[in-house]
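Q: Following this message is one structure expressed as structure tokens.
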Amino acid sequence: MISARGLRKTFGDFEAVRGIDVSVRPGVAFGFLGPNGAGKSSTMRMICCVSPPTGGELRVFGMDPAQDGPKIKARLGVCPQEDTLDVELNVYDNLYVYGRYFGLPRAEVKGRIEELLDFVQLTDKAKAKVDDLSGGMKRRLTIARSLINRPEILVLDEPTTGLDPQARHVIWDRLFRLKQAGVTLLLTTHYMDEAEQLCDELVVMDQGRIVAHGTPLGLIRDHSTREVAELRFGVGEHESLAAKVEDLAERIEVLPDRLLLYSDDGESVIEAVHGRGLTPAATLVRRSSLEDVFLHLTGRTLVD
Ligand SMILES: Nc1ncnc2c1ncn2[C@@H]1O[C@H](COP(=O)(O)OP(=O)(O)OP(=O)(O)O)[C@@H](O)[C@H]1O
Ligand SMILES: [Mg+2]
């Protein structure tokens with residue numbers, strides 16, 4: 001569906017995307033995970049034919065965005081990072097105007113809008129002003145709008161950023177249904193749980209480069225241990241205590257507010273820490289996540 005080879009995007013002499021290779025097969029949910037400024041949106045905009053690549057090769061549905069932008073766009077759905085809904089119009093009319101823009105006949109648009117409002121659970125808000133919607137409802141409306149032309153690929157740039165957990169789960173559920181209906185999903189996120197829940201395959205991006213590629217589980221297996229013991233000591237103590245416990249784990253990360261000890265058996269690590277006469281203020285054992293993968297690969301956390 002999408003193939004990129006050495007894809008680059010520069011703004012002046014700043015390199016936002018520094019030569020990435022990506023290949024997205026039909027029907028998968030493909031994620032771009034990375035912190036602020038990683039180059040996720042720049043990549044999405046090139047794929048959506050709204051920003052020309054600076055270099056490398058890009059094909060969407062086998063076509064070149066530089067030659068066949070309109071043909072590609074007709075088969076894409078786009079849900080941009082910032083809401084671009086028309087606040088002058090109500091919910092229904094936002095969809096109507098968009099449908100007409102895609103050249104759909106009036107009668108067809110009307111039927112399609114009913115289906116979509118039902119799909120995103122906004123039927124009873126059809127006449128509401130966009131400004132009166134919650135953040136989650138606005139995102140759902142943007143998703144509905146992006147589906148008006150029955151796209152084969154749906155591109156979602158940070159679909160749930162800023163939403164509360166419940167609103168995020170509603171969106172995940174809808175995206176999961178779309179995937180089951182065969183829509184290829186391309187999404188960016190800096191939420192590791194979102195990437196783990198939704199993506200079959202993902203790339204981890206940092207500073208314009210892809211630093212890892214795989215399935216969520218595969219990435220965790222390849223770049224982290226099964227478990228992580230988190231130890232919280234007093235403020236400012238973590239750096240100096242790290243040296244006293246680092247041999248107890250396969251790997252250690254020192255964060256300002258805690259130590260992360262990577263091991264396949266976190267409980268034993270905590271017992272051993274206590275065995276050395278150290279008494280953390282709080283301890284926690286959890287499974288490794290994509291956050292740990294990112295930390296291992298870049299030395300930084302995903303969300304500061
Ligand atoms: N039009 C532009 N002109 C100049 N610099 C830009 C432009 N668009 C993006 N950049 C820069 O390119 C880098 C990558 O930006 P991009 O928006 O692709 O990152 P991102 O991964 O989407 O980040 P975020 O998670 O914050 O949305 C950033 O440093 C950004 O400041
Ligand atoms: Mg972005």
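Q: Would you point out the residue of region 24-41, among those that are touching a Lys or Arg at 6+ places or on another chain (Cβ under 9 Å) and surrounded by fewer than 22 Cβ atoms within 10 Å (Cβ to Cβ), that is nearest to residue 80 (Cα to Cα)?
A: Top of the filtered list is 35.
Q: For region 52-60, indicate whether the set of residues that are over 30 Å from residue 134 (Cβ atoms), out of contact with any strand residue (DSSP E or B) (no Cβ under 8 Å at 6 or more places or on another chain) and surrounded by 13 or more Cβ atoms within 10 Å (Cβ to Cβ) is non-empty.
A: So far as region 52-60 goes, no, none of its residues is over 30 Å from residue 134 (Cβ atoms), out of contact with any strand residue (DSSP E or B) (no Cβ under 8 Å at 6 or more places or on another chain) and surrounded by 13 or more Cβ atoms within 10 Å (Cβ to Cβ).
Q: Scan region 144-161 for residues that are away from ligand 2 (no atom under 16 Å from the Cβ), touching a helix residue (DSSP H, G or I) at 6+ places or on another chain (Cβ under 6 Å) and over 14 Å from residue 177 (Cα atoms) and report the count.
A: Residues flagged as away from ligand 2 (no atom under 16 Å from the Cβ), touching a helix residue (DSSP H, G or I) at 6+ places or on another chain (Cβ under 6 Å) and over 14 Å from residue 177 (Cα atoms) within region 144-161 amount to 2.
Q: Being assigned to a helix (DSSP H, G or I) and closer than 29 Å to residue 162 by Cα is the requirement here; does residue 293 meet it?
A: yes
Q: Continuing with this model, one more query. What do you reckon, is residue 286 in a strand (DSSP E or B), surrounded by fewer than 18 Cβ atoms within 10 Å (Cβ to Cβ) and among the charged types (D, E, K, R)?
A: Criteria met by residue 286.
Q: Still on this model: Regarding residue 258, is this residue farther than 30 Å from residue 83 by Cα and either buried (at least 16 other Cβ atoms within 10 Å of the Cβ) or free of Cβ contacts under 8 Å to residues at least 60 places away in the same chain (or both)?
A: yes
Q: Answer yes if at least one residue in region 47-57 is over 15 Å from residue 2 (Cβ atoms), touching an Asp or Glu at 6+ places or on another chain (Cβ under 6 Å) and touching a residue at least 24 places away in the same chain (Cβ under 8 Å), and no otherwise.
A: The answer is no, given that none of the residues of region 47-57 is over 15 Å from residue 2 (Cβ atoms), touching an Asp or Glu at 6+ places or on another chain (Cβ under 6 Å) and touching a residue at least 24 places away in the same chain (Cβ under 8 Å).
Q: Can you find a residue that is away from ligand 2 (no atom under 16 Å from the Cβ), closer than 20 Å to residue 151 by Cβ and aromatic (Phe, Trp, Tyr) anywhere in region 71-92?
A: No, that holds for no residue.
Q: Here's another thing I want to ask about it. Residue by residue through region 1-18, note down the ones that are more than 21 Å from residue 298 (Cβ to Cβ) and more than 16 Å from ligand 2 (Cβ to nearest atom).
A: Passing the criteria: 1, 2, 3, 4, 5, 6, 10, 12, 13.
Q: Would you point out which residue out of 161, 142 is in a loop (DSSP other than H, G, I, E, B) and either out of contact with any Phe, Trp or Tyr (no Cβ under 6 Å at 6 or more places or on another chain) or more than 16 Å from ligand 1 (Cβ to nearest atom) (or both)?
A: 161
To keep it simple, each residue is scored yes or no on (1) within 16 Å of ligand 2 (Cβ to nearest atom); (2) within 19 Å of residue 78 (Cβ to Cβ); (3) surrounded by fewer than 19 Cβ atoms within 10 Å (Cβ to Cβ).
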site: 170; (1), (2), (3): no, no, yes
site: 175; (1), (2), (3): no, yes, no
site: 181; (1), (2), (3): no, yes, yes
site: 191; (1), (2), (3): yes, no, no
site: 195; (1), (2), (3): yes, no, no
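Q: Having 1 or more residues that are within 14 Å of ligand 1 (Cβ to nearest atom) and in the same structural domain as residue 148 (by TED's automatic domain parsing) is the bar; report the strands (runs of 3 or more DSSP E) wholly within region 1-104 that clear it.
A: Because the criterion is at least 1 residues that are within 14 Å of ligand 1 (Cβ to nearest atom) and in the same structural domain as residue 148 (by TED's automatic domain parsing), the strands (runs of 3 or more DSSP E) in region 1-104 that meet it are 2-11, 14-24, 29-33, 76-79.
Q: Let me ask another. Tally the residues that are touching a residue at least 40 places away in the same chain (Cβ under 8 Å) and either among the aromatic types (Phe, Trp, Tyr) or under 26 Å from residue 259 (Cβ atoms) (or both), restricting the search to region 208-221.
A: Going through region 208-221 one residue at a time, the tally reaches 5.
Q: Would you check which residues across region 208-251 are under 14 Å from residue 268 (Cα atoms) and part of a strand (DSSP E or B) and list them?
A: 227, 228, 229, 230, 231
Q: Just name the residue that is farthest from the chain's Cα centre (by Cα) out of those in region 19-60 that are within 16 Å of ligand 2 (Cβ to nearest atom) and among the charged types (D, E, K, R).
A: 45
The values are calculated or read from the model by the stated rules, or taken from the named source; none is laboratory data. Not measured: the values here are computed from a predicted model. Positions of Cβ are backbone-derived with ideal geometry, glycine not excepted, and every protein chain shown enters the neighbour counts.
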